[in-house]
Structure formats: structure tokens, C-alpha cells
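Since every read-out is calculated from the coordinates, none of them should be taken as a lab result. Just so you know, these numbers come straight off a predicted model, no measurement behind them. Here the Cβ positions follow ideal geometry from the backbone for every residue, glycine too, while neighbour counts run over all protein chains shown.
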Amino acid sequence: MALVTNEARRWAEQAFPPHTVTVSRTDIARYARAIGETHPIHFDREVAVAAGHRDVVAPVYFPYTLRVQATTLAGDLEPDGSSSAEVPPLPARRAMAGETAIEFGSDICAGDAITIDKRIVDLTEKHGRSGPLALVTTEFTFHNQEGDLVMRERFTRIYR
Amino acid sequence: MTPGTEIPPVERTPTAADLFMFSAAAWLVHRIHYDVPFATEHDGHPGLLIHGPLQGVYLMQTAVAAMRPRRLASIMYRHTAPAHLGDTLTCGGTVVDAAGGLVTVEVWARKADGTVTTEGHAVFEEV
């Protein structure tokens, strides 16, 4: 039986509405603490401004937190705690992480309004040793209020 | 930075509190990262899973610290084996290419038994 049905193809072609989030100092401090960053430019506005920034600066890969929160808010919780908004309509039981590719642009500072655009860039069926696999590649693009790219991320999930 | 240069390895041993804070900072509710009975009895893992994206961050931090003041322009990686609470991940890498103002570094995270859990490459721009 094919994993990738017409329903899945329609799901992949849908246009996801852009989502804009204003970043707070608390958001940045929490993420910095979680990944073990201790430099005061992530916590202290005066230090960040003295170093030439507009406000406290987000550590590397901070936009990940914005897109995960947006996805959690966009759906109901599945029994395993994941968001229904990230589950494609595939008759598959297991999901595995595939490749992640990230391009970094401008820094994010507290007060920035970040717009997240999401699209499914690829939905492919392959035949593995254990049967059919569906590969779903999602792209998230993050721009700031000036229109500058702050990050672009593509990742693939493998369903079987 | 010539090809073959190794970047200093960094050991990371995230605690249960670190895994919780990473889930909380992202509002990531996936239970395998904080719910021990779910992760073990239901999903069959030996313990809580260390997030793949957190391992990606450890690779970024390790490479950025070694390549400063160059700017991290891009990274790609894939997860090749699971890592669990209690594992110490040694993160390191090797410069594989340096040309045209770009430096490419192979990066990896491996467990104490040598199993590579995440690997890929990062590209830095000279500033």
C-alpha cells in the first residue's frame, strides 16, 4: 500500500499562514540558560548595548524555540505529547529524524518581531529494507521586522 | 585554519534539568524528553532522550568557540544514534576545507563508547 496518498499530497501543498512573534528578554534568557550560555550579552541589556547591540542578543539557533512553540500552539497534543500540527496524514507508525540544514542570517535582539513562514518542500516515498518510507522535508524561514533573513531551516522526517 | 586542523573537543553531559529547560524554552511537549515511564516502558528507550536539536546546538557552540571570530554561516547534520540522559557527549570536529573566505568544519558528537550520535558539517565566513 502506498504511504503517500492524495490526501497527504494535498496536505503538503497547503499554504501555512505566516506567524509573527515578538521576542522578549525573558525568552532569550530562558533559552540561553537551557543551552548553557552564560555571557551577559544574553541577559543584561546594558552589557549588550555597550557591545553595540540594540538589546540582549539571542544565542545561536534561538529561532528553533519560536517555531516549536508556534507548532505546539497550532494543534492539539498527540498521546506522545507532540503537536498534531506537525503530523502529516500518513498511515505510518514511527517517525525518525533525518537531515537538518540551517542557514544563519542577522542576529535577533529582544524586541524584534520575527515572522515565521512554513512550507513543506518535499514529500517523497521510498522503499527501504523494512518496507515503504515517506520522507517529509519542512522549511521554516525567519525574517525580522526589517525584512532581514535571520534563519532558514530545512529538516526531514522519515515515516514508516 | 588549514584542512586537518582539529577543533578542541568539548564534553557535554546534560542533566534532567537541562533537558527540561530545553523543552520548556521551546515549549516542546514531546514526552520522551521528560516523562521517564513513557520514554522507557511505553517507547522502549533506556532513559530520557537528549533532544536532537540540543545536540545540534552543542555542535554549533563547540564549532563557534573554536572558530571565533569567524561567523557561522550554515550547518547541516543528521542524527545517527540516540543519546540518553546520563550520556556524556564529546563534541569535536576537523577543518576539511578553507578557500574563498569560507572554512568548512566536519563536526560530530559521540558517546563514551565511541558511538557517533550526530554528525555533519558547519561553514564559517572569514570576517
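Nearest 10 degrees is fine. How inclined is helix B:16-26 to the longest principal axis of chain B, computing both from alpha carbons? Taking Cα atoms only, the helix is inclined about 70 degrees.
In chain B, the alpha-carbon atoms span a convex hull of 101 Å³ per residue.
Across chain A, Cα pairs under 8 Å and at least six residues apart give a relative contact order of 28 percent. With all pairs of separate Cα atoms included, chain A yields a Kirkwood hydrodynamic radius of 17.3 Å. Here is the list for region A:101-132: trypsin sites (Lys or Arg not before Pro) lying in DSSP coil, each with at most 10 other C-beta atoms within 10 angstrom of its C-beta, are A:ARG129. As a length-normalised measure over Cα pairs under 8 Å and 6 or more apart, the relative contact order of region B:23-127 settles at 25 percent. Equivalent-ellipsoid semi-axes for region A:75-160 (Cα gyration tensor, √(5λ), whole Å, largest first): 30, 16, 10. Backbone amide hydrogens, once placed in the peptide plane, bring B:ASP97 within less than 5 Å of B:THR104, excluding anything fewer than 5 places away on its chain.
Give, as a single signed number, the net charge of other residues whose beta carbon lies under 10 Å from the beta carbon of A:ARG152, with Lys and Arg counted +1 and Asp and Glu -1. Here the count lands on -3.
The Cα center of region A:55-124 and the Cα center of region B:4-61 differ in position by 16 Å. According to the Cα-based calculation, Rg over Rh for region A:61-122 is 1.00, with Rh computed by the Kirkwood formula.
Would you mind checking the tilt of helix A:63-74 against the longest principal axis of the Cα atoms of chain A, expressed as 0 to 90 degrees and rounded to 10? So the inclination is approximately 50 degrees. Taken along its three principal axes, the alpha carbon spread of the protein assembly as shown comes to 59, 44, 41 Å, from the longest extent down to the shortest.
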